[in-house]
Every structure is written in structure tokens, then in C-alpha cells.
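S.K.: Once you've had a glance at the structure underneath, I'll fire off some questions.
The values are calculated or read from the model by the stated rules, or taken from the named source; none is laboratory data. Worth saying up front: this structure is predicted, and the values here are computed from it rather than measured. Cβ sites come from the backbone with ideal geometry, for glycine too, and all protein chains shown count toward neighbours.
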Amino acid sequence: MIWLVARDKAATEIRKRRFNFWATNFFLAACLSMLPVTAFAFVMVKMLDHVDQAVIYKTYFYSWLAVAVYFMALRNLPKMNRHALVLSAVLCLGVPIANGMSTGLWMWNTWQQGGLDIFFVDALFLILAGSCAYAYTKVNAEAKPFKILSLQKENGKLLRTGVLKD
């Protein structure tokens, strides 16, 4: 996003600005979809009866592709960010719940039994869920849409035709 803001100048040609937006849209969609998909993969590993490497790969990469394509189709960076944060908060919260439901190893049990590795994975996902929920409240209040796609070029002049909205 910093890369896009640094190149979003009024003097830049509209075709370059559009390319910069689409490049940013592509890379942000790929990157922002990774946390919710990782949490989803953790949940699926705990919930499925039979899990092998092929199931993990298919679950992770197909869901990553689906979420990334969805984010790219949004064409709205603040909305993409908000959706990623909400999905991440919900799915990260689901990791310790899925672990507790499937194995009976709730966080308080693993701590008492000395299973610190399981405890710290669950604690990490709880912290990530809380951080994403907090970031969502901040982003939801302060995010501003980019105006790149709302500009058209006519006779060498840039004309505003509206602002991208949620």
C-alpha cells in the first residue's frame, strides 16, 4: 500500500496509475488472504476425520485461491483490508475452539498438563484474533478510498468522474 501511495501523483499518467493500482490490488489480495486461510487450514485439520498432506495442500491452496480472487474482485483496498481483518479475527478465534472441541485439549488443560507447544499455538491465535478485531475497529473508522479508478483522461486532461466507495 505504501508503494501505491508513493506512486499516486497527479502528474503520473492515468495508465500508469491504473497499472499501479492493479499491481497493488493483486499483491495485497495475495498477502492479505494468507492469515485467514492459514487459520482456516488449522481449523479444517482439527475438524476433518482423515487428514494427510494432500488434504492439507488442497484445503490451504484452494481456499487461498478463492479468497485471493474474491479480494481482487473487490477492487477496493480499504474494503479488502476490512474483509481480511474480519475473516482473520473470526477464523483465528476458531483455532483454539476447534482444537478444544476435537481433542479436548483446551488452553487451560494444556497449560496444566505441560503441553506448552499446544498452549502457545492457541494463545498465538487468540492474540491474533484480538489484534485483528482491534485493527478492524481502527481501519473501519479511518480508512479512505483511493481515487485512482475514478479518473479518466480526455484530451490530455484528467477528469474526475466520482470516487470509489464501499
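S.K.: Of (1) touching a residue at least 60 places away in the same chain (Cβ under 8 Å); (2) within 20 Å of the chain's Cα centre (by Cα), Arg18 satisfies all except one. Which?
M.R.: All conditions are met except number (2).
S.K.: Take the residues in region 64-81 that are crowded, with 18+ Cβ neighbours inside 10 Å and at pLDDT 95 or above; name whichever of them is nearest to Leu105 (Cα to Cα).
M.R.: Among them, the one singled out is Trp64.
S.K.: Out of the residues in region 82-92 meeting the condition of being without any contact (Cβ under 8 Å) to a residue 60 or more places away in the chain and surrounded by fewer than 19 Cβ atoms within 10 Å (Cβ to Cβ), tell me which one is farthest from Glu142 (Cα to Cα).
M.R.: Let us first name the residues in region 82-92 that are without any contact (Cβ under 8 Å) to a residue 60 or more places away in the chain, namely 83-92.
Restricting the remaining residues to those that are surrounded by fewer than 19 Cβ atoms within 10 Å (Cβ to Cβ) gives 86, 90.
On the way: Val86: 16, Val90: 21 Å.
Among residues in region 82-92 that are without any contact (Cβ under 8 Å) to a residue 60 or more places away in the chain and surrounded by fewer than 19 Cβ atoms within 10 Å (Cβ to Cβ), the one farthest from Glu142 (Cα to Cα) is Val90.
S.K.: Additional query: Considering only residues that are small (Gly, Ala, Ser) and assigned to a helix (DSSP H, G or I), look in region 84-120 and name the one that is farthest from Ala133 (Cα to Cα).
M.R.: Ser102
S.K.: Where in region 1-55 are the helices (runs of 4 or more DSSP H), entirely inside, with at least 2 residues that are modelled with pLDDT under 85?
M.R.: Ranges flagged: 2-7, 14-32.
S.K.: Here's another thing I want to ask about it. Only residues that are hydrophobic (A, V, I, L, M, F, W, C) and farther than 26 Å from Ala66 by Cα: list them for region 80-116, please.
M.R.: Selection gives Met101, Leu105, Trp106, Met107, Trp108, Trp111, Leu116.
S.K.: Now a separate question. When region 93-112 is examined, which residues are found to be more than 24 Å from Tyr136 (Cβ to Cβ), surrounded by 14 or more Cβ atoms within 10 Å (Cβ to Cβ) and among the β-branched types (Val, Ile, Thr)?
M.R.: Across region 93-112, the qualifying residue is only Thr110.
S.K.: Pairs only if they're at least six apart or on different chains, beta carbon under 6 angstrom, first in region 35-48 and on the phi > 0 side of the Ramachandran plot, second of a type in the set (A, V, I, L, M); list them, first residue then second.
M.R.: Cβ pairs passing all conditions: none.
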